[in-house]
Structure formats: C-alpha cells, structure tokens
1. Those residues that are more than 18 Å from A:SER102 (Cα to Cα), open to solvent by less than 10 Å² (accessible area, probe 1.4 Å) and part of a loop (DSSP other than H, G, I, E, B), I need them from segment B:336-354; list them, please.
2. Which pairs have Cβ atoms under 9 Å, sit 6 or more apart or on different chains, and link a residue in segment A:222-234 that is more than 10 Å from every other protein chain (Cβ to nearest Cβ) to one that is open to solvent by 10 Å² or more (accessible area, probe 1.4 Å) and of a type in the set (Gly, Ala, Ser)?
3. Of all the residues that make up segment A:284-308, how many are surrounded by fewer than 22 Cβ atoms within 10 Å (Cβ to Cβ), closer than 18 Å to A:PHE245 by Cβ and touching a Gly at 6+ places or on another chain (Cβ under 9 Å)?
4. Looking at the structure I just gave you, is A:ILE53 in a helix (DSSP H, G or I) and either at the interface with chain B (Cβ under 7 Å from one of its Cβ atoms) or at pLDDT 85 or above (or both)?
5. Kindly indicate the residue of segment B:7-50 that is hydrophobic (A, V, I, L, M, F, W, C) and part of a loop (DSSP other than H, G, I, E, B) and also surrounded by the fewest Cβ atoms within 10 Å (Cβ to Cβ) among those meeting that condition.
6. Condition first: within 14 Å of chain B (Cβ to nearest Cβ) and free of Cβ contacts under 8 Å to residues at least 60 places away in the same chain. Can you find one or more residues in segment A:384-407 that meet it?
7. Pull out all pairs, ordered by first then second residue, where Cβ-Cβ is under 7 Å, the residues are six or more apart or on different chains, the first lies in segment B:446-475 and is within 20 Å of B:PRO405 (Cα to Cα), and the second is loosely packed, with under 15 Cβ neighbours inside 10 Å and of a type in the set (Asp, Glu).
8. Check whether at least one residue in segment B:210-228 is modelled with pLDDT under 95 and at positive phi, and report yes or no.
Number of protein chains: 2
Amino acid sequence: MTFPIDIVAIDRASDVPAYRQLYEKLRAAILDGRLRGGVRIPSSRVLAMDLQISRNTVISTYDTLLSEGFLESRRGSGTFVADLPRSAERARRQAGGSKLPSLSARGRLMADQPQFGANHGQITFHPGYPDLRHFPFPVWSRLMTANVRRANQELIGYSMIDGHPELKQAIVEYLAVSRGVQCEPAQIIVVSGTQAALDLTARLLLDPGDHFWIEEPGYQGAYGAFLGAGGRPVPIPIRSDGWAFPSGPAPRLVFVTPSCQWPLTGVMQMDDRLRLLQLASEHDCWIIEDDYDSEYRFRGHAIPAMRGVDGSGRVIYIGTFAKTMFPALRIGFMVVPRALAADFTRAVNMTGQYPSLLLQLTLADFIRTGAFAAHLRRMRSLYAKRKRYFADECRRMLAPWIDLPRSEAGLQMIATLKFECDDQQLLDAALRRSVRFIPLSTLYRHTPPRQGMILGYAASDEAQIRHGLRQLRAVLQDFA
Amino acid sequence: MTFPIDIVAIDRASDVPAYRQLYEKLRAAILDGRLRGGVRIPSSRVLAMDLQISRNTVISTYDTLLSEGFLESRRGSGTFVADLPRSAERARRQAGGSKLPSLSARGRLMADQPQFGANHGQITFHPGYPDLRHFPFPVWSRLMTANVRRANQELIGYSMIDGHPELKQAIVEYLAVSRGVQCEPAQIIVVSGTQAALDLTARLLLDPGDHFWIEEPGYQGAYGAFLGAGGRPVPIPIRSDGWAFPSGPAPRLVFVTPSCQWPLTGVMQMDDRLRLLQLASEHDCWIIEDDYDSEYRFRGHAIPAMRGVDGSGRVIYIGTFAKTMFPALRIGFMVVPRALAADFTRAVNMTGQYPSLLLQLTLADFIRTGAFAAHLRRMRSLYAKRKRYFADECRRMLAPWIDLPRSEAGLQMIATLKFECDDQQLLDAALRRSVRFIPLSTLYRHTPPRQGMILGYAASDEAQIRHGLRQLRAVLQDFA
C-alpha cells in the first residue's frame, strides 16, 4: 500500500492551522484503519512539497505522532505507520450508548444526599445570606492587591496545608477575644468552609454504622455529611425548654449548634451544656460544635462557645467566615484537640480541602488591621435594626396566617403557620413570586415536623423586605 | 447565703473591659460552686453602685448570663443563680490528661497516608514548582480587582457548587483547542485542585476492598487518595517500552498520567492507550487520567489527552492550573461523563471541595482575555531553554555519579545513580545544603525500587541551577 495523499489534503480556507489539520487527518486515518500498520509515510520534504506547506510543520507533526506511537521510525529506512491493536480500536469506539460502571456504594450514598446549596438567582428571605452591599470591598481589594504583589514562593507553593500561619494566629486571637476559646495556632485547621469541616470530621471520626446524635430540627449540611459517611442518625429533639438528649444508642459524635440553634435560633443553656459534656464523657464520644451565627446576637453580649467551657478536649469547634465576611470566600476552620492536629493535617493533605493561600493571607490582614471587627460592629447594628423592622412588618402584614416567635440571635427568623398547610407547597408558590425560604418541615427527619418558614432577613433592605412580605402575603392569601 | 460582693471586684487597672471582668467572674463563681444555685444576685442598680460601674454594663452582663442559663429570673422576686448539675461540672473539668476517643478506622487510614505536600522553605530542585517570578501578577491583580468591585450576590453566594459557568465555559474552550477534548460545560466539575479531584473520585468510585491499578513508580497523591479510601493497589510497572498492564486482579479504576508520566515523563503510546481502553471495557472499570504537566512538552506539539480518544465515556479527566498558573491558586477540574455530572455535583455539595468563586471568575477572565495562552507560550519557551541548560550543566557537573536520561516533557528530570546509594539518605544530606528533590525510590511500592533523584528545574533561574548543582556535587562527592 502506498501513501494515499488525498487523506491529508489541507483546506486552505479553514481557520484551523495547517499543522493541526495534518495531525488530525493522519491520526484519524491511522485510528480508523485507512492507514494500516506498516505503511511507509512520505519524508517530510516530499510531503511538504506535495501539500505546499512548510517543512517544519510536517516535521513537528511527525514528531508528535512519533511521540504518541502512531508512527514509528526505522533507522535508515524511513517512517512507518505503527501497528495498533484492532480489537482495542473497537473498544475505543464503543459509543455513548454502552453502559458505564456504577458508582461505589459509598459514592451512591454520598450522591444521594439532598442538594441544599445550589440556589441560583432570587434569594429574598433565603436564610444564611449576609448583605454584601455593606461589605467593605475597597478595603478587601486593597489588602488583596498588596498580597498579590508581594506574592512569593511561600504564598504560592504547596505548603501550609493546615492553613497560613498568619491566618491561624489571627483566628486564635479572634477566638480568645470574641468566642471565649483558648487555643494554639497548631490546633487550628483552615478548610474551605463549614461543609468541608463537616465532611472531614465525619470521615475522620465516624465509621459506617456508627451512631451520631443530631439536633431535630437540625442543620441539613451536617446531616448530609454524617449520613454520607455511613453514620446512623439519632435525633436530639429541640424543645421549648432545651435540648432533649436521647438515652441511647451511644453515639460516636454529637452535632450541636449551641450558640444559635439552627434553625430555631435558641441558645443552649448552661445546664444542657454541662449535661452534654457529661453524656459525652459517659459515651466516650466527640462533640462537634458548629458556631455558625454566634456573632449575630442582639441582646446582651455574644454567648461564649461551648469549646470554651470544655476541659476534656472532646469538643471540636467549627467556625466560618461565610456570614461575617461573605459565603463565596469559602474559608472556614476547625479547632481540634492538640493530640489530633497532626492527624487532621495529614488528612487535609490527602483530601485537598484547603483554600487559596492568597485569600487566607488577605483574610489574616483583614482581621489584624481591625477591618473585620469594625465590619462586624457595623453589621451587628445594621442587622439588629433590620431584624426589628422585619419582625414588626412581618407580624403586621402576615398576622392572620403566621406566628413569629421572638428570638435574640441569628440572621433568620421562624414563622410557624396558623393553618393546615404543606410548607413545601408554600415554597413552590413563593418561588413563583421570586421569594425563597427554607420550609421548616424539611429539617425534621425523625419526629412529626412542624410546618413553617425559615426566613432570612439579613440580605434585604427595608424596601426589599416590604416587597418580599407583600409577595408572601399574596401567597398566604391564596393558600389559607 | 447572701451575695459575696468581693467575688466580682473589678480591677480598674486591667485592660479587660468591666463588662467582661464582671461576666467572667460571675460565670467562674457559678461554675466552680462558689455561687450556689438559688442565691439571689443584687439588682443591676445596686451592683452598679457597689462596683462603681455603669448600670448598662451590669444589665447587659446579666442578660448574657440569663441567655446562657447561668442565672434565672423569677417574676416579681428578682434574679437568682441557676441550679446546675454538679456531677456534670466534674465531667467538664476532667482535664487534658483524660483519654480522648479514637479516630474512626477510616480516619486512621486517611491520617496514616504519608504527608507529601507540606514542604516549607527551600525548594531548589523540588519538582512541581513553576517559576512564579514570571507570572503576570499585575494582569492577574487587575482582573481580580475588577471582579472584587463587581462583586454581586451571584458571585458571593452559595450557588455554583460545580463551578462558575464562565470558568466552565472557558475550560471547555481551552480543552478543545489545547487538549483535544470535546465536552460540555455540564461535564466540568471545578474543585480545589488535583488532590481534591482524586479524593472525590476515590470516594465516589471505590469501595473499601476494591482494587485499583496505579503506575509504578507513580503519583504519591493519587496513591494516598485511593489507599485512604480503602482501595487495594495493583501496580502497573512502567518499563522502557511502555505501561506493563497487569493481568489481574480486576480493578474498579485505573490511574494513569498518559501525557507525561509522573515521575518518568514518558508519553503513553497509542497502542498502550488502545490496550488500556480495551482492558477497561473488559473489566468494566473507570480510567482516571491525570493530565498534570501536558502543557510542558518541548518537542512537537502537545500530546492530546486520552479522554479525547475514548468513545466509551470511561475516562475521567483531571486537569489542574497549579503548574500553568501557580499552585496556591488551588483550582483544578474534572471532566466527567454526562451521566455522572449530577452525582458528582451533589457529592461536591456535600464535601465542600469547591474553590472561591472570586478566584474562579478571575481565572475565567485570565483565560478569556488570552493572558493564559500568552503566559503559557512564554513559559514553554522559557522552560525549554532552562531545561536544556539544566540538562547540560547537570551532565557536565555530575557525570561521574549520575545518568540523566533524555525526556521531552515535564517540569522535572530523573537522575539515576551510578553507584550504590540510598536516595533518601542522599536527600537528607542535600537538605542540609538547602537543596531538595524527591527520592525516586519513594515512588515504588511493590517492585524493587530504582534509586535516583526527581529534580525539578523549572523554578530556578540559571544562577540558581548552577548553585544548586554545585551543592548536589558536594553531596555526591561525600557519598560516592
């Protein structure tokens, strides 16, 4: 078989460069068998002349095909098409119709957890969003630009897997002053947010089949992480008088939000805190404290973290900058017992769950320069005002249909329904009016759910609150 | 018992604000039993007068202690210390000496994987580092600043878990042009780098006890991720004539670096690629293609990815910007089969392994404006020159002790040793002279290791290369 030159005809009108056309035509012809193994291909000089292209183009294309093993060169006798396995070629072409292997059982479990974080678009009243219009982006931008400029090997290498030392130091100081938590930088593990911390904690502390205790109603992200790790849930009902810790089965870990219960916003009282520490000691288990909204408390001072009361080292503290800075920063952290710090760091090294050092260093600067504390002060006072406005308007406009219990903390409020209604259907109707909330019933998994709306008020200004509430009123009028 | 006022004496010389002193003294006295349950505390007016502090300070402190349940107020008769469980208090104080619960078996396995990424300080010849002095930080900084300014809800919310649509689109276009991979944005999953992609892949595709095939010598990060997920390794020896695929046991997934084998830098020839696709079809398993260094090829054009040859959908492609941009960017991505995209996205939602949207959007701009392609062109030419210089100097200066096989790709070269020597001891000696490399033997796990040095040349300029090689020469002289 001689070389069929028309196989590699170059289209001069095409945008695709000549080397690319030549490469792809030769490759396709070899792969589909039009050029069989053993066929001698023309010398670069000859082919370049025949095709009227530069000889360098041909040489470079032959080089690539030689590197890939489509061609082989025999010393002294030229370049030939390589012998490729034909049956393998059929396997290659097995098209999209063929069945793919399944996920692992573990993967199936992980992928089957409900997706809760992917809300695009309209977020009026969706809880968990701070108001970004008040974030000091010029300050942030200036600090980041300075860090980008000073970028050095340390900042942009692979080191500092457990977090940048300057950020860890800044967090230690912040925790001591604001959260009553005493720890050393070595105990801080910086990760890409609360969810990464929960996932890591679940994997490191739970084996498939182990029980975990979790608040009911409780945080869907924690539930997903522990369930996805193969854990078996035991509910801790949240009652008006506190956390109703179950009598069994014995857990490997207990997940709580003591400073501002999610979603009900209550504070775990000291007697419950002490009781929980005692139970953890009896069961020899861990306590995971998610301290997500503790900075937003509107009466008295912030409630210190449970981690600060614990003397046993069983409390693993999870903090986030999603609410105090902005969610897409994707930086959170854990405070782990000294004895576990090395294990957690090696695990993070393996999971790659660490945020960009550039952002870490900028955040450290933001904290150290006082910009963080100043921002928090401003937001606390803004949100306090906004919360009063939201609560007043909500009670005024929606009184026939809802109750809005008082609460002293958190960026969300709970509206319970005065009439029989499926809160998920209510959400569907609200979404059609561009209002979003979390249906309270979806955070109950073991006990009869209460129907209601978890309403975030923080991201909306007064005009947006009024507009959103008018939409909700229209929805409720239709339903009741 | 009347209230012992000296318990809360305020130290006016202290830096600690009065409310904080009062809060902490009251709290400590209640916790340690000096103030027993039922003791009536003075009214805020009285205490403020006695302590000579503002009444608001006392009110706010009482409020916080009431919220926490340290105090309770009885209507009409005042405020009292709450009754806290005493046995619990003992559990709380169980000090650091007490034993903590163990990690889960899975956690133990994860934490026991060797830590490979935490190198601080000196990195001369440590492979895997680009030269950051040539990165266009002013351009990057300008793009990022523009994005910080345009920050909006979408950019800083919780959405876009699988990646920012603009970055996904930019990656699709880059892959089509540069890597011969055709895919849709929905198939791209953006994660925090290669290690996060490997960890996620391991969890989603491997169950404990499943076999995985992995190159020998091969990438330590992939090995750790699959082993940490409970997989059982089967080596694919890399020989001078290619990948020696094993005959069994059947794997759930196969990990390969076909465009530039890590660490040996060879290219998987087309016959091996087709054979691997056929084997994957026979075993009904996945192929994980880590395309880490494919952009740095110094002869012919870049070798297209294996993913581009596969028609079956079994190849999961992993790409990274660590080498083409900078490692601490911490952005990588996967191309997954269409059928798996939703599962992978839900899993990422649960694991929180996603990078900051601000960085994603800036990277998208960097690619779209052409800055990425221009930077790559400059670096390819710089590294080609640097590699020649390194190879020439290395052969000239270290000839008595090492062989330096030719290679056409990658940011590292392998020096094998001409004399009997433990390459890990060699590294220890090199580190004392501030030179670092990866000992080749550490990447063999199943077959007799070759001793040698994996030397990264890319991050050092010519003067640094000369200096580093002089240090290495001194080390080798001592050893041989």
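1. Of everything in segment B:336-354, those that are more than 18 Å from A:SER102 (Cα to Cα), open to solvent by less than 10 Å² (accessible area, probe 1.4 Å) and part of a loop (DSSP other than H, G, I, E, B) turn out to be B:GLY352, B:GLN353.
2. Matching pairs, first to second residue: A:ARG232/A:GLY209; A:VAL234/A:GLY248.
3. Matching residues across segment A:284-308 total 0.
4. Numbers: in a helix (DSSP H, G or I): no; either at the interface with chain B (Cβ under 7 Å from one of its Cβ atoms) or at pLDDT 85 or above (or both): yes.
Against the criterion (in a helix (DSSP H, G or I) and either at the interface with chain B (Cβ under 7 Å from one of its Cβ atoms) or at pLDDT 85 or above (or both)), A:ILE53 does not qualify.
5. First, the residues of segment B:7-50 that are hydrophobic (A, V, I, L, M, F, W, C): B:7-10, B:13, B:16, B:18, B:22, B:26, B:28-31, B:35, B:39, B:41, B:46-49.
Then keep just the ones that are part of a loop (DSSP other than H, G, I, E, B); that gives B:9-10, B:13, B:16, B:35, B:39.
On the way: B:ALA9: 12, B:ILE10: 17, B:ALA13: 4, B:VAL16: 12, B:LEU35: 25, B:VAL39: 17.
Checking each candidate, the answer is B:ALA13.
6. So in segment A:384-407, the residues within 14 Å of chain B (Cβ to nearest Cβ) come out as A:384, A:406-407.
This time we only want the ones that are free of Cβ contacts under 8 Å to residues at least 60 places away in the same chain, so: A:406.
Taking every residue of segment A:384-407 in turn, at least one turns out to be within 14 Å of chain B (Cβ to nearest Cβ) and free of Cβ contacts under 8 Å to residues at least 60 places away in the same chain.
7. What qualifies is B:GLN451/B:ASP422.
8. No, there is no match, as no residue in segment B:210-228 is modelled with pLDDT under 95 and at positive phi.
The values are calculated or read from the model by the stated rules, or taken from the named source; none is laboratory data. Quick caveat: nothing in here was measured; it's all calculated off a predicted structure. Every residue, glycine among them, receives a Cβ derived from its backbone with ideal geometry; neighbour counts consider all protein chains shown. Areas reflect the complete protein model, heavy atoms only, side chains present, ligands, DNA and RNA absent. Shrake-Rupley method; radii C 1.70, N 1.55, O 1.52, S 1.80 Å.
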